[in-house]
1. How large is the dipole of segment 267-355 about the Cα centre if only Lys and Arg carry +1 and Asp and Glu carry -1, each at its Cβ, rounded to the nearest 20 debye?
2. Please express the Cα-Cα pair-distance distribution P(r) of segment 290-332 as a list of whole percents, one per 10 Å bin, running from 0 to the bin with the greatest distance.
3. For the chain, what's the relative contact order in percent, using C-alpha pairs closer than 8 Å and at least 6 residues apart?
4. Only Lys, Arg, Asp and Glu count, each charged at its Cβ (+1, +1, -1, -1), so figure out the dipole size of the chain about its Cα centre, rounded to 20 debye.
5. Please list, in order along segment 177-193, the HN-Hα scalar couplings obtained from phi with the Karplus expression 6.51 cos²θ - 1.76 cosθ + 1.60 (θ = phi - 60°), rounded to whole Hz, x for Gly and Pro.
6. Stretched out fully, how many nm does the piece from E287 to T316 gain, at 0.36 nm a residue minus the Cα gap?
7. How do W327, W24 rank by accessible surface area computed with a 1.4 Å probe, from largest to smallest?
8. Based on the Cβ-Cβ distance from R97 to S40, what FRET efficiency comes out when R0 is 45 Å, to the nearest 0.05?
Amino acid sequence: MSQHAAAPEAPLEPVSRAFASDNWSGAHPEVIEAIVAANSGHVPAYGGDPITARFQQVARELFGEAAEAFPVFNGTGANVLALQAALPRWGAVICARTAHINTDEAGAPEKTGGLKLFGVDTPDGKLTPELVAREAWGFGSEHRSQPGAVSISQVTELGTVYTPDEIRALADQAHDLGLLLHVDGSRLANAAAHLGVSLREITADAGVDLLSLGGTKNGLLGAEAVVVLRPGAANGIPFLRKIDLQLASKMRFISAQLVALYAGDLWLRSAARANELAQRLAAGIRELEAAVPGIRIAQPVESNAVFVELPQGTATRAQSAFAFGAWPTQPGLYRLMCAFDTTESDVDALLEVLAA
């Protein structure tokens, strides 16, 4: 055999699904089709292509004529870029202590964005004007980082959802204080599906200034976007996107995914499906609460996340069959995530293991 002969292909792993994260899921077939369709001919690089122009149009249709969208590679990049563009070097961001920017981005807002984060304890992951007020002080003091933005996660890291009225209250308070309101919308579609509202109703219409628009958790191969909802809220994004390593040369493939998801109703179909399976899972767990001591739904199930308290033995047995994680800040608490491709049989099989 020639030393250059191709090695035999490794056998594919058996098809399996997990409840660890919606990031574990594959890409939606319609998204793959859009990428393949975009793979034709030569077009201008760095966003000068017609597919990226189409996504700009889609963003305006979804969020209003003032919206301006900037495709990026990932959610952390979207958050850092949005906040860095909106705040001065001495700026600070008020967020929930459980917020993704505070717990799961390895200090990127501080190290890359140069921003101070003021984390606030919340019982359910949601900020309120009263909670924001705990850190909205020290304006004008050279001894304290200056609050410049409030950032909320929609859906929150605990699976809960802000209503339009709750977002409006935060926006009004932020604007009265001279602050911006930023939304980390990695699961924005799940929130809209749960509330039965449009994406605009929980963003631009509710007073949000800046949005990190998610996609990867809802069936994209890897694409997110920063959407500026109020003109002038974040200057310099075109330059900072390059500095922050988030400018794609072959942007058409990023934009094609976003167009596939948001130009029609795929975002809603996929998010609603994940939410529906989470409700099925939660209903089954509630039936087990009386039969299996120590099992308890710990947070309202308002998205595709189910937070549940499990006895150690039950958790260990279930984790031997399905991947899911313990919540790091509370012993005995576990997060079960459903995705667009989760099936009823997946949920029922997990419930059988929990009930064994």
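The values are calculated or read from the model by the stated rules, or taken from the named source; none is laboratory data. The structure presented is a predicted model; accordingly, all values stated were derived computationally and were not measured. Cβ placement follows ideal geometry from the backbone for every residue including glycine, while neighbour counts extend to all protein chains displayed. Please note that ligands, DNA and RNA were not included when accessible areas were found on the heavy atoms of the full protein model with its side chains. Shrake-Rupley method; radii C 1.70, N 1.55, O 1.52, S 1.80 Å.
1. In total the dipole reaches around 180 debye.
2. 25, 58, 17
3. 23 percent
4. 720 debye
5. Taking θ as phi minus 60°, the curve returns 8, x, 9, 9, 10, 10, 10, 7, x, 4, 10, 4, 4, 5, 5, 4, 5 Hz for segment 177-193.
6. Contour length minus Cα-Cα distance gives 8.4 nm.
7. Largest to smallest exposure gives the sequence W24, W327.
8. The calculated FRET efficiency here is 0.45.
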